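The values are calculated or read from the model by the stated rules, or taken from the named source; none is laboratory data. Just so we're clear, the structure is a prediction, and the values are computed from it rather than from any experiment. Neighbour counts are summed over all protein chains in view; Cβ atoms, including those assigned to glycine, are modelled from backbone coordinates with ideal geometry. Surface accessibility is based on the protein's heavy atoms, side chains included, excluding ligands, DNA and RNA. Shrake-Rupley method; radii C 1.70, N 1.55, O 1.52, S 1.80 Å.
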Amino acid sequence: MSPLDLAVRGRVDALTARDRAVLFDRSTSSDPAIRDRTAAIIARVRADGDAALREFAATFDGVTLDALEVPRTACTAALDALDPALRRAMERTAANVRDVHAAFRPVATEVTTADGAVIGRRPDPLARVGVYAPGGRAAYPSSVLMGAVPARVAGVGEVILCSPPGPDGRPSAVVLAAAALAGVDRVFAVGGAGAVAAMAMGTATVPAVDRIVGPGNAYVAEAKAQVASLVAIDSPAGPSELLVLADESADPGVLARELLAQAEHDPLAAVVLVTPSAALAAAVEAALPALVDAAPRAAIIRTALGARGAVLVAESLGEAVALSNAWAPEHLLLVVRPEVEAATLAALRNAGTIFVGQSASVAFGDYMSGANHVLPTGGAARAYSGLSTLDFVRWTTWQRIGPSAARAMAADVGRFADAEGLPGHAAAARQWEGA
């Protein structure tokens, strides 16, 4: 077996400043090269539109595009030609995503205040959203379904998809099939930061959208951050992350496979095991080398583990929970004894999504369980949530203030306005005092 390097190992209470920097500084925005190159790509799309997108396809994807937009007939043909077993699996995923997100769909509400004013709020679907599906190292039809199906559930008017072109000038056939299955309206063979810029600002071919959703590499994540003042985004979703929080009841082989599954995504993926059991930590480390040697994507896994992999021993389950809440992982796998599971789950606050129990493989959430796999990374789970129907609506608020409610509030509103030096506001309110 080849020796295996981990970026960080040891006890949580003995982590050095360098260890903590490696663990917690996961934002690609801290890399000036990525930041500057992304800004240059966005500027080119702003200046040159479709011409810039064609040039990027030649430079980054090695293909000359006859057209940026993929005909809808190509998507339908790809779905018709899909392996029947794979099509059934994708249809199953789409149905699960549809059911789960429909159950969480926001609804209009009204409340009457003590003064008699009626305040209401309703979710209005966005007019147009853009879904990004990564390409390059692998095709991700699952990302198409995770982005487009909830948008359709929310009632979005138009859904477009951008995904990098392959050698034939189009996204992979399985991505096109997923687009047809999810009811995507238009598909564009455009990838990377250029796709994000195009959806944010619009070009002659790619329409501007109201919100951009979907995962991507460091450049896609940086581009979304840079265009966030122009268009809404779902969350800062960069390279994959997994924190496994487990006690001595866990199977080390199962945990090792979960760590490798997320590490194979990207050389910048971050995977961490934290456990109060030194024996479990040692067993997981012992299981990793043979699994990595046998993995088809071993080179990517080794790079990820060496740069952002960690096996940590906590003093207690509480210390492990505290580290997890501070690290705020994209995916969190919780494997602890049944008698402490509920309390531990309740204590876990900051995670994109939590997988509870040893059989709750993150792979099930990636592909089929129905919860979304588009999740915040880089610690953003402290403030952001996973993609849902909430990302595809904006809220309209209304206020019905009848004469009696106006009378009830008029005097106090006048006092507030006087205190803020706004006499016009005071007068507008006080005219209702005797009404």
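Extent of the chain along its three principal axes (Cα atoms, max minus min coordinate, largest first): 87, 59, 43 Å. Can you bin the stretch 315-435 into rounded, prolate or oblate? Criterion: square roots of the alpha carbon gyration tensor eigenvalues sorted a ≥ b ≥ c, rounded for a/c under 1.5, prolate for a/b above b/c, oblate for the rest. Prolate.
Just to be sure I understand the rule: take each whole DSSP H helix in the chain, project its Cα atoms onto its long axis, keep it if the span is 27 Å or more and its mean Kyte-Doolittle hydropathy is at least -1.0. Which ones pass?
84-103
Considering the options Ala225, His265, Ala250, tell which one lies farthest towards the positive end of the dipole of the stretch 216-266, charges being +1 on Lys and Arg and -1 on Asp and Glu at the Cβ, about the Cα centre. Towards the positive end, the residue furthest out is Ala225.
The Kirkwood radius of the stretch 94-222, taken over pairs of alpha-carbon atoms, gives through the Stokes-Einstein law at 37 °C and 0.692 mPa s a diffusion coefficient of 209 µm² s⁻¹. With the simple model of a label 7 Å out from the Cα in the direction of the Cβ, Thr396 to Ser359 spans 4.7 nm. Amide H to amide H distances under 5 Å link Arg394 with Asp124, Leu126, where only residues 5 or more positions off or on other chains count and H is placed in the peptide plane. In plain terms, the chain from Asp66 to Ala40 could stretch by 6.9 nm, reckoned as 0.36 nm per residue minus the Cα-Cα distance.
Residues whose amide H lies under 5 Å from that of Gly309, counting only those 5 or more places away or on a different chain, are Ala7, Val8, Val271; hydrogens are built 1.01 Å from N in the peptide plane. Restricting the calculation to Cα atoms, the stretch 274-368 yields a radius of gyration followed by a Dmax of 14.2, 39 Å.
Under the classification rounded if a/c is under 1.5, otherwise prolate if a/b is larger than b/c and oblate if not, where does the stretch 1-115 fall, given a ≥ b ≥ c as square roots of the Cα gyration tensor eigenvalues? Rounded, since a/c falls under 1.5. Per residue, the chain reaches -14000 deg cm²/dmol at 222 nm when only DSSP H runs of four or more residues are counted, each adding -39500 (n - 2.57). Taking amide hydrogens as placed 1.01 Å from N in the peptide plane, the amide H of Phe355 sits under 5 Å from those of Leu332, Leu333, Leu334, each at least 5 positions away in sequence or on another chain.
Projected onto planes of every orientation and averaged, the convex hull of the alpha-carbon atoms in the stretch 187-303 covers 9.1 nm². Its Cα gyration tensor gives the stretch 12-65 an equivalent ellipsoid, and the semi-axes of that ellipsoid, as √(5λ) in whole Å with the largest first, are 38, 12, 6. Computed from the C-beta positions of Thr112 and Arg382 and an R0 of 41 Å, the FRET efficiency is 0.75 to the nearest 0.05.
Can you put Phe188, Phe104, Phe355 in order of accessible area, largest first, using a 1.4 Å probe?
My answer, sorted largest first, is Phe104, Phe355, Phe188.
Only protein atoms count toward the accessible area here, which uses a 1.4 Å probe; on the chain, the carbon and sulfur part of that area reaches 55 percent. Taking the solvent-accessible surface of protein heavy atoms with a 1.4 Å probe, what is the per residue accessible area of the chain in Å²? Ligands and nucleic acids excluded, the result is 43 Å² per residue. Shape class of the stretch 342-409 from the Cα gyration tensor (axes a ≥ b ≥ c, square roots of the eigenvalues): prolate, since a/c reaches 1.5 or more and a/b is larger than b/c.
Placing unit charges on each Cβ (+1 for Lys and Arg, -1 for Asp and Glu) gives the chain a dipole about its Cα centre, and among Pro3, Thr397, Gly62 the Cα reaching farthest toward its positive end belongs to Thr397.
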